[in-house]
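The values are calculated or read from the model by the stated rules, or taken from the named source; none is laboratory data. Nothing here was measured: the structure is a model prediction, and the numbers come from that model. Here the Cβ positions follow ideal geometry from the backbone for every residue, glycine too, while neighbour counts run over all protein chains shown.
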């Protein structure tokens with residue numbers, strides 16, 4: 001009789017332990033699932049934000065370059081002043097948009113490469129890409145002013161080596177944005193490190209692409 005009572009108590013204890021175990025497991029699983037879900041959601045949101053920033057930066061660069069090329073084309077064709085003014089105005093609008101939004105995108109570059117202070121990638125961006133864009137702007141403005149004054153702007157475009165600048169910006173922008181784009185890939189593998197790849201090889205590829213071609 002005593003043995004049966006002992007077995008009954010053990011059975012009740014076992015059921016109680018099973019119930020407690022099930023409840024604790026459910027709570028832990030819920031916490032793990034919620035934490036993992038929140039982390040995945042945050043990671044995906046960061047991935048989308050970074051990819052959008054790289055895309056925005058790319059759009060700014062290529063639109064500024066394309067608008068500059070359209071003004072140069074009008075000057076070389078000796079188009080009428082109305083067309084030249086229209087294209088220059090469109091270029092100026094892009095130039096203003098560039099200056100309005102560029103700081104935001106430069107900060108995103110810093111975040112992508114994982115540095116709190118001004119990163120070497122930012123310095124490369126300023127030196128290798130922003131500088132030739134500024135040279136294009138200066139040359140374009142001088143040639144445009146000559147056109148308005150009734151003088152020949154082509155000599156100024158040749159003096160500035162506009163075709164070389166225009167092509168260099170294309171090559172440099174393509175390499176730079178491609179390397180940044182690689183760091184926005186959504187990858188949960190612990191064995192990949194896009195930032196280290198950028199520091200060891202990516203910067204060298206950018207510098208190679210951003211070299212100004214020598215004169216023939």
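Criterion first (under 27 Å from residue 181 (Cα atoms), without any contact (Cβ under 8 Å) to a residue 40 or more places away in the chain, loosely packed, with under 15 Cβ neighbours inside 10 Å and under 16 Å from the mean Cα position of the chain (by Cα)) does residue 123 satisfy it? Spelling it out, residue 123 is indeed under 27 Å from residue 181 (Cα atoms), without any contact (Cβ under 8 Å) to a residue 40 or more places away in the chain, loosely packed, with under 15 Cβ neighbours inside 10 Å and under 16 Å from the mean Cα position of the chain (by Cα). Considering the conditions (1) modelled with pLDDT under 70; (2) in a helix (DSSP H, G or I), residue 57 is excluded by exactly one of them, (1). Looking only at residues in the stretch 167-197 that are modelled with pLDDT of 70 or more and out of contact with any helix residue (DSSP H, G or I) (no Cβ under 6 Å at 6 or more places or on another chain), the one that is nearest to residue 111 (Cα to Cα) is 178.
Residue 91 meets each of the listed conditions (1) modelled with pLDDT under 95; (2) in a helix (DSSP H, G or I) apart from (1). Within the stretch 67-93, the set of residues being under 27 Å from the mean Cα position of the chain (by Cα) and farther than 14 Å from residue 141 by Cβ comprises 69, 70, 90, 93.
Determine whether residue 138 is within 18 Å of residue 167 (Cβ to Cβ) and surrounded by fewer than 16 Cβ atoms within 10 Å (Cβ to Cβ). So residue 138 fits the description; yes.
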